[in-house]
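For reference, the structure is listed below as structure tokens.
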Amino acid sequence: MTQTIQSVRGMHDILPDEASLWERFEETVRSWARSYGYRNIRTPLLEPTALFRRAIGEATDIVEKEMYSFVDELNGEHLTLRPEATAGIVRAAIEHSLLHAGPQRLWYIGPMFRHERPAKGRYRQFHQVDVEALGLAGPDVDAELILMSARLWDDLGLDGLRLHLNSLGSLEERLAHRDALVAHLRRHEGDLDEDSRRRLVTNPLRVLDSKNPAMAPIIAAAPKLLDYLGQASLAHFDGVQAVLKDAAVPYTIDHHLVRGLDYYNLTVFEWITDRLGAQGTVCGGGRYDGLFAQIGGKPAPGAGFAMGVERLIALMQDSTVLDAGEPRDVYLVHQGEAAARFAFTVAERLRDHGFAVLQHSGGGSFKSQMKRADASGAQIAVIVGDDEALAREASVKPLREERGQMRVSLEQLAALVTDLLYADESE
Ligand code: ATP
Ligand code: MG
């Protein structure tokens, strides 16, 4: 017997019942991004491995253990399936000198790949919406990005998302804090878990990010990054907070919010929900003024955020009223050989007028076809038999109201369907 083949572990099919929610999500995102003046950009799934090593940093979860990296056997290139979008977008901005034309507000949606242990809300192929503001240095842009994300939750009908905010300051400030942090952690070295002991050497700031409850007391007593920020960094942070206050967007300052990637500085933020268990972060971002130079470009400021689409879709499933399938205007029923051919003419004519038409396929009795029409959710059945085909006419039967069948010519059909579909609105 031939073995069946299944999808790769942690990589999922999105079936039509769920995909309709994805489409609604994507449409919302598209018009939301446009309303803030962000333009779409699309970059490749594969990038040179060196890009992510440089951009994300060696001592991060992603580069240490989550990348799908391989050597292309055909030409020896070292490639990686992108684990996030920012590095590729900044690479593209440098490669095409996008900032010559001035600052760029960009957005992206697409699949990302990380080889992690699959769980609810954690997959090996997942999707992100990514928003990046390139070439703009002020705290006003950080605030714009945060207000923008807050509006999206509204547009999607989501509530209960909490905003966590922190500032990572500048590299020099982080280094000063690092010395104090390492000294603190060394005093508790015996109580550190294995991960934290490793990070103490490779990336001490990331110890603050530990989800292990046993680490909580040590982390709570650790020196706070904010206490090491200088005038300029504090002024930037105040600038962000002032806008958030004006806009009445509530937030919590979270001293342990350091984000998983190396490229961040100054403002960092996350949106968190309690409704998704352990995988409660739906969106994270911040400023990354060093990234352009780090991957070989002319220095330029940048800020952005990424959200996890699967986690947002899960919240939408949780909190919105789902409509029953796709809206369809017309189900086209036909019987007989001539009718089967004429049905195409009728369907295309209706689509010319903008109606969504589901054309019956696979034969069956008139009665069984009418049952399908009813189950499809369509408002109207258009019916053709061989004698209608001969006369170039069609019969029309409203499915959601008590009303008889009407027979009209092909020329009059669209007008009649319009009348029936929009009768309520003109009353
Ligand atoms: P986590 O702490 O959950 O691992 P992260 O810090 O690695 O998150 P980011 O790199 O900030 O995540 O990615 C931004 C968002 O993308 C996350 O907040 C989350 O919503 C989503 N995301 C990240 N990794 C995954 C994954 N493996 N599966 C599904 N969504 C993910
Ligand atoms: Mg992660």
Can you name the condition, by its number, that residue 329 falls short on among (1) surrounded by 19 or more Cβ atoms within 10 Å (Cβ to Cβ); (2) over 22 Å from residue 88 (Cβ atoms); (3) within 16 Å of ligand 2 (Cβ to nearest atom)? (3)
Return only the number of the condition from (1) of a type outside the set (Lys, Arg); (2) more than 16 Å from ligand 1 (Cβ to nearest atom); (3) touching a residue at least 12 places away in the same chain (Cβ under 8 Å) that residue 283 does not satisfy. (2)
Among the residues of the stretch 158-176, is any within 15 Å of ligand 1 (Cβ to nearest atom) and among the charged types (D, E, K, R)? yes
Select from the stretch 202-223 the residues that are within 16 Å of residue 173 (Cα to Cα), open to solvent by 20 Å² or more (accessible area, probe 1.4 Å) and outside any loop (DSSP other than H, G, I, E, B) and list them in ascending order. 205
Mind listing whichever residues of the stretch 173-201 are touching a residue at least 40 places away in the same chain (Cβ under 8 Å) and exposed (fewer than 14 other Cβ atoms within 10 Å of the Cβ)? none
So which strands (runs of 3 or more DSSP E) stay within the stretch 1-94 end to end and still have 2 or more residues that are among the aromatic types (Phe, Trp, Tyr)? 68-71
Taking the conditions exactly as written (open to solvent by 10 Å² or more (accessible area, probe 1.4 Å), more than 16 Å from ligand 2 (Cβ to nearest atom), part of a strand (DSSP E or B) and at pLDDT 95 or above), does residue 105 satisfy them or not? yes
Could you identify the single residue in 76, 121, 88, 135 that is small (Gly, Ala, Ser), at pLDDT 95 or above and in contact with an Asp or Glu (Cβ under 7 Å, 6 or more places away or on another chain)? 88
For residue 118: the one exception among (1) within 14 Å of ligand 2 (Cβ to nearest atom); (2) crowded, with 21+ Cβ neighbours inside 10 Å: (2)
Show the residue pairs meeting these rules: Cβ distance below 8 Å; 6+ apart or different chains; first residue within the stretch 26-38 and farther than 12 Å from residue 106 by Cα; second residue open to solvent by 60 Å² or more (accessible area, probe 1.4 Å). 28/155; 32/151; 32/155
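Can you give me the number of residues within the stretch 90-102 that are surrounded by 15 or more Cβ atoms within 10 Å (Cβ to Cβ) and either away from ligand 1 (no atom under 16 Å from the Cβ) or free of Cβ contacts under 8 Å to residues at least 60 places away in the same chain (or both)?
To start, the set of residues in the stretch 90-102 that are surrounded by 15 or more Cβ atoms within 10 Å (Cβ to Cβ) comprises 90-94, 98-99.
Right, trim to either away from ligand 1 (no atom under 16 Å from the Cβ) or free of Cβ contacts under 8 Å to residues at least 60 places away in the same chain (or both) and you get 91-94, 98-99.
Here the count works out to 6.
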Might you let me know whether the stretch 130-152 holds any residue that is open to solvent by 50 Å² or more (accessible area, probe 1.4 Å), touching a residue at least 40 places away in the same chain (Cβ under 8 Å) and within 15 Å of ligand 1 (Cβ to nearest atom)? no
Starting from the stretch 52-69, take each residue that is more than 16 Å from residue 292 (Cβ to Cβ) and open to solvent by less than 60 Å² (accessible area, probe 1.4 Å) and list its partners that are near ligand 1 (Cβ under 9 Å from one of its atoms) and of a type in the set (Asp, Glu), counting only C-beta distances under 7 angstrom and pairs at least six apart or across chains. 66/116
Counting just the residues of the stretch 108-128 that are in contact with a Phe, Trp or Tyr (Cβ under 7 Å, 6 or more places away or on another chain) and not in a strand (DSSP E or B), which one comes out farthest from ligand 1 (Cβ to nearest atom)? 115
Check off (1) part of a loop (DSSP other than H, G, I, E, B); (2) away from ligand 1 (no atom under 16 Å from the Cβ) for residue 226 and give me the number that stays unchecked. (1)
Open to solvent by 50 Å² or more (accessible area, probe 1.4 Å) and in contact (Cβ under 8 Å) with a residue 60 or more places away in the chain: is that true of residue 125 in this structure? yes
Filter the stretch 48-77 down to the residues that are touching a strand residue (DSSP E or B) at 6+ places or on another chain (Cβ under 6 Å) and closer than 26 Å to residue 131 by Cβ, then identify the one that is farthest from ligand 2 (Cβ to nearest atom). 49
For the stretch 273-319, which residues satisfy the criterion of being open to solvent by 30 Å² or more (accessible area, probe 1.4 Å) and either assigned to a strand (DSSP E or B) or within 16 Å of ligand 2 (Cβ to nearest atom) (or both)? 277, 278, 281, 310, 311
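The values are calculated or read from the model by the stated rules, or taken from the named source; none is laboratory data. Worth saying up front: this structure is predicted, and the values here are computed from it rather than measured. Here Cβ is always computed from backbone atoms with ideal geometry, including for glycine, and neighbour counts include all displayed protein chains. For accessibility, only protein heavy atoms count, side chains too; no ligands or nucleic acids. Shrake-Rupley method; radii C 1.70, N 1.55, O 1.52, S 1.80 Å.
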